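K.L.:
I am attaching a structure below and will ask some questions about it afterwards.
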Amino acid sequence: DAGITQSPRHKVTETGTPVTLRCHQTENHRYMYWYRQDPGHGLRLIHYSYGVKDTDKGEVSDGYSVSRSKTEDFLLTLESATSSQTSVYFCAISDTGADTEAFFGQGTRLTVV
Amino acid sequence: GENVEQHPSTLSVQEGDSAVIKCTYSDSASNYFPWYKQELGKGPQLIIDIRSNVGEKKDQRIAVTLNKTAKHFSLHITETQPEDSAVYFCAASNGGANSKLTFGKGITLSVRP
């Protein structure tokens, strides 16, 4: 398995609180992605990074921010969690971009109550 | 942006039969089409991919075909086995600088013993 670690694996939080999810890779891949997976919606891109300090929005970026200060770490922050952000979050990495294999982490199940 | 549609949402086959999963895409500039398999509780994993300069690709029991004119591509699984039961996602990318991978909603394949 590719060296991707997501933390935490499970989290329950209250509405209105900030939450940060972490993705750590040991593959030295340039590209990192955050997706959310919801029933009936498949995988939707939240934000992605194409290098240290280089990030861009995906299709469902509202309410989320990201940071990448080191090649190996990509953080996803929910500034003020809402119940609609209850989801399973996946981090993915790829070496040369969206036209090559993406390796996914094990996912983080986030519940906002 | 790209829109990838996947039909049907569920598919049930008898062990040993073949399964075909179809996807359509909207962006004629898309040139990379991967298929991912997601087992319960895990992140998606690439099983096969195809680029627009190829019409078909095979890997043991799995094959993918691409029809650029009609903008659709299909996953074919022959001699299905219970371990093929999973969620399958198709995706598309135009492979440009900092391009994004757009996923379909996924299909749940059940192989009946």
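K.L.:
For B:Asn3, are the conditions met, namely being surrounded by 18 or more Cβ atoms within 10 Å (Cβ to Cβ) and either of a type in the set (Gly, Ala, Ser) or over 12 Å from the mean Cα position of the chain (by Cα) (or both)?
P.N.:
Working: surrounded by 18 or more Cβ atoms within 10 Å (Cβ to Cβ): no; either of a type in the set (Gly, Ala, Ser) or over 12 Å from the mean Cα position of the chain (by Cα) (or both): yes.
The answer is no for B:Asn3.
K.L.:
Considering only residues that are among the polar types (S, T, N, Q), modelled with pLDDT of 95 or more and farther than 15 Å from B:Leu101 by Cα, which ones fall in segment B:11-56?
P.N.:
Answer for segment B:11-56, where residues must be among the polar types (S, T, N, Q), modelled with pLDDT of 95 or more and farther than 15 Å from B:Leu101 by Cα: B:Ser12, B:Gln14, B:Ser18, B:Gln38.
K.L.:
Moving on to the next point. Please specify each residue of segment B:39-50 satisfying the condition of being within 13 Å of the chain's Cα centre (by Cα) and facing chain A (nearest Cβ under 10 Å).
P.N.:
B:Pro44, B:Gln45, B:Leu46, B:Asp49
K.L.:
Please enumerate the residues belonging to segment B:90-100 that are surrounded by 24 or more Cβ atoms within 10 Å (Cβ to Cβ) and not small (Gly, Ala, Ser).
P.N.:
Once the filter is applied, which keeps residues that are surrounded by 24 or more Cβ atoms within 10 Å (Cβ to Cβ) and not small (Gly, Ala, Ser), segment B:90-100 yields only B:Cys90.
K.L.:
Scan segment A:19-33 residue by residue and report those that are within 12 Å of another protein chain (Cβ to nearest Cβ) and in a strand (DSSP E or B).
P.N.:
Let us first name the residues in segment A:19-33 that are within 12 Å of another protein chain (Cβ to nearest Cβ), namely A:23, A:30-31, A:33.
Correct list: A:Cys23, A:Tyr31, A:Tyr33.
K.L.:
Which residues, taken from segment A:1-58, are touching a Leu at 6+ places or on another chain (Cβ under 6 Å) and under 30 Å from B:Thr10 (Cα atoms)?
P.N.:
Looking only at segment A:1-58, we keep the residues that are touching a Leu at 6+ places or on another chain (Cβ under 6 Å), and these are A:11, A:19-22, A:34-35, A:37, A:58.
Hits for segment A:1-58 are A:Lys11, A:Trp34, A:Tyr35, A:Gln37, A:Gly58.
K.L.:
Looking at A:Pro39, A:Pro18, which one is open to solvent by 50 Å² or more (accessible area, probe 1.4 Å) and more than 29 Å from B:Gly1 (Cα to Cα)?
P.N.:
Values: A:Pro39 fails: more than 29 Å from B:Gly1 (Cα to Cα).
The conditions single out A:Pro18.
The values are calculated or read from the model by the stated rules, or taken from the named source; none is laboratory data. Bear in mind the structure is a predicted one, so any value in this text is a computation, not a measurement. Every residue, glycine as well, gets a Cβ built from its backbone with ideal geometry; the counts of neighbours run over all protein chains shown. These accessible areas exclude ligands, DNA and RNA; they are computed on the full protein's heavy atoms, side chains included. Shrake-Rupley method; radii C 1.70, N 1.55, O 1.52, S 1.80 Å.
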